[in-house]
Amino acid sequence: MFSVKSFLPRTLLGRSLMILITPILLIQVIATFVFFDRHWGKMTMRLAYSVAGETALIASEFENDPSPQQMQDIIGYASQHLDLLVGFKPGAAIEQKSSNFQPDAWKSHMAETLRGQLETSLQRPFFLAIDDDEKWIIIDVQLSEGVLSVMLPQRRLFSSSGYIFLLWMIGSSIVLLAIAILFMRNQIRPIRKLAAAAERFGKGRDVAYFKPEGAKEVRQAGESFLDMHKRIKRQIEQRTTMLAGVSHDLRTPLTRLKLQLAMLPDNKDVKEMKGDIQQMEKMIEGYLDFVRGEGDEEAQPVSLSATIDKATDAARRHGLNIESSVGRDTQLMLRSVAFERCLMNIITNAGQYGKHIWLSTQLDGKYLNIIIEDDGPGIPADQYDDVFRPFYRVDSSRNAATGGVGLGLPIAMEIVHGHGGKIWLEESNHGGLKVMIRLPV
Ligand SMILES: Nc1ncnc2c1ncn2[C@@H]1O[C@H](COP(=O)(O)OP(=O)(O)OP(=O)(O)O)[C@@H](O)[C@H]1O
Ligand SMILES: [Mg+2]
């Protein structure tokens, strides 16, 4: 199914130019058509009419009085006042010379018009030729005494206003197009800048340089974008400060509790309480990690393979069995502390549930994929989304064994989103979980 949309230009510049240019072109085409069909046709007809009339007049004058004096007078008069070169060959007959001249459409139209006019005015046999190189038209007319030959320059039949009109049409269209492109480009530049700033913000980069400019509506959009940017930043800051404050304040009474418990005799209840406190400490660590992940670290260009190497080295130091294969190295804009935390969260998970970890990267057009797989039990597909919610854990009975808080994946997701990327889960060929991270490069 064809849709009109697939023929339309995709950019705003292209579309606005099309809106501007199409009606003008249409008008010009119509005007050109009307001009050539009416005006030019009529002009040629009138010019041919007068040439044919003059030729006929000369012919009949020659026949009325073929004296040399009369001929001389006519020849002189015609060349002076009519732009016609007249000659006479006594006793000759017109020969149907073949001319190798191939007239183009305009010329043949002109010749046909002239031939028609000559037929009606002359009433004698004649031969018409166009000498294209010399720009002459030759009319040979058979008279009773010989052949009258009339030569006239093509300009007597041809009005150059047609060419000039065409040139005007094309010239004005080009000038118009150039001016339109110039103006439209300036109008569209602020929109492009706004789009670029929004994209940068989406990737978690600085947009402080951005200033709203351009037409009123575009400036409004730019200002709204800046307001939104400020609001979001403030919200993140508020949340971060609050979480940091709460976690920090909770630590003190928790430490006190731990000390008090340590004084009590060891029995089952105390053991359970100690376990709970340990769990709470882990949670607070998790909150603090979460908070730190959102610190005001700036994105900086870092090498992909260096980042991956750091993460795998750390994993090996923790005794994890990890295998990494990095494709072509690239420079990435990353907040590297946060991003390493993200990788470590995922690698730690993989190490907790599996024995072997595979990490690989691949460049896919404008994206970089980082893939982390393990050979553990994996996660049921219907919980792929749930595990990204804070505190969600697949099997709470595994709680004791792994002792997680349920913040690892949510933190990882925050960080990936903060870089303008995506994170999702799949089933690994190695039997366990496959975590996919896709970052714009
Ligand atoms: N590689 C994996 N294999 C199997 N299950 C996993 C894997 N990674 C995560 N999960 C499941 O997803 C849940 C959420 O993981 P997440 O990292 O968010 O929390 P956690 O590991 O339990 O705690 P935390 O990372 O905060 O210490 C885990 O409890 C676990 O059930
Ligand atoms: Mg985890």
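The values are calculated or read from the model by the stated rules, or taken from the named source; none is laboratory data. If you're wondering where the values come from, they're calculated on a predicted model, not measured in any experiment. Cβ atoms come from the backbone with ideal geometry, glycine included; neighbour counts cover every protein chain shown. For accessibility, only protein heavy atoms count, side chains too; no ligands or nucleic acids. Shrake-Rupley method; radii C 1.70, N 1.55, O 1.52, S 1.80 Å.
In the elastic network of the chain, a GNM with C-alpha springs shorter than 10 Å, the most mobile of Thr240, Thr330, Thr120 is Thr120. Taken along its three principal axes, the alpha carbon spread of the stretch 282-367 comes to 39, 35, 20 Å, from the longest extent down to the shortest.
A protection proxy built from the mean count of other Cβ atoms within 10 Å ranks the segments 80-91, 367-378, most packed first, as 367-378, 80-91. Annotation: extensible slack from Gln28 through Phe183 equals 53.6 nm (criterion: 0.36 nm per residue apart, minus Cα-Cα distance).
Rounded to the nearest 10 degrees, the angle from helix 304-317 to the longest Cα principal axis of the chain is 20 degrees. According to the Cα-based calculation, Rg over Rh for the stretch 232-350 is 1.11, with Rh computed by the Kirkwood formula. On the chain, 58 percent of the accessible area sits on carbon and sulfur atoms, based on a 1.4 Å probe.
Per residue of the chain, what 222 nm ellipticity follows from adding -39500 (n - 2.57) for every DSSP H run with n ≥ 4, rounded to the nearest 500? Don't skip to the end; give the middle numbers.
Numbers: 11 runs with 238 residues, N = 441.
Roughly -19000 deg cm²/dmol at 222 nm, from the helical runs in the chain.
Packing, as the average of other Cβ atoms within 10 Å across residues, places the peptides 267-274, 345-352, 304-311, 154-161 in the order 345-352, 304-311, 154-161, 267-274, highest first.
Taking 0.36 nm per residue of sequence separation and removing the Cα-Cα distance, the Ile19/Thr255 pair yields an extension gain of 77.8 nm. Within the listed set Ser121, Ser360, Ser16, the residue fluctuating most in the Gaussian network model of the chain (springs between alpha-carbon atoms under 10 angstrom) is Ser121. Across the chain, Cα pairs under 8 Å and at least six residues apart give a relative contact order of 11 percent.
When only Cα pairs below 8 angstrom with a gap of at least 6 residues are kept, the stretch 4-159 shows a relative contact order of 28 percent.
Kindly provide the Kirkwood hydrodynamic radius of the stretch 298-440 in Å, to one decimal, from all pairs of distinct alpha carbon atoms. 15.2 Å is the Kirkwood radius here.
When the alpha-carbon atoms of the stretch 4-159 are used, the pair Rg, Dmax equals 23.0, 79 angstrom.
Of all DSSP-defined beta bridges confined to the chain, some 90% are antiparallel rather than parallel.
Rolling a 1.4 Å probe over the heavy atoms of the protein chains gives the stretch 133-257 an accessible area of 64 Å² per residue. Comparing Glu340, Glu414, Glu54 in a Gaussian network model of the chain where C-alpha atoms under 10 Å apart are linked, the largest mean-square fluctuation is found at Glu54. Taking label points 7 Å from Cα along the Cα-to-Cβ direction, Leu166 and Tyr77 give a separation of 3.8 nm. Across q = 0.06, 0.09, 0.11, 0.12 Å⁻¹, the chain modelled as identical point scatterers on its alpha-carbon atoms has Debye log10 I(q)/I(0) values of -0.56, -0.79, -0.99, -1.08, in the order of the q list.
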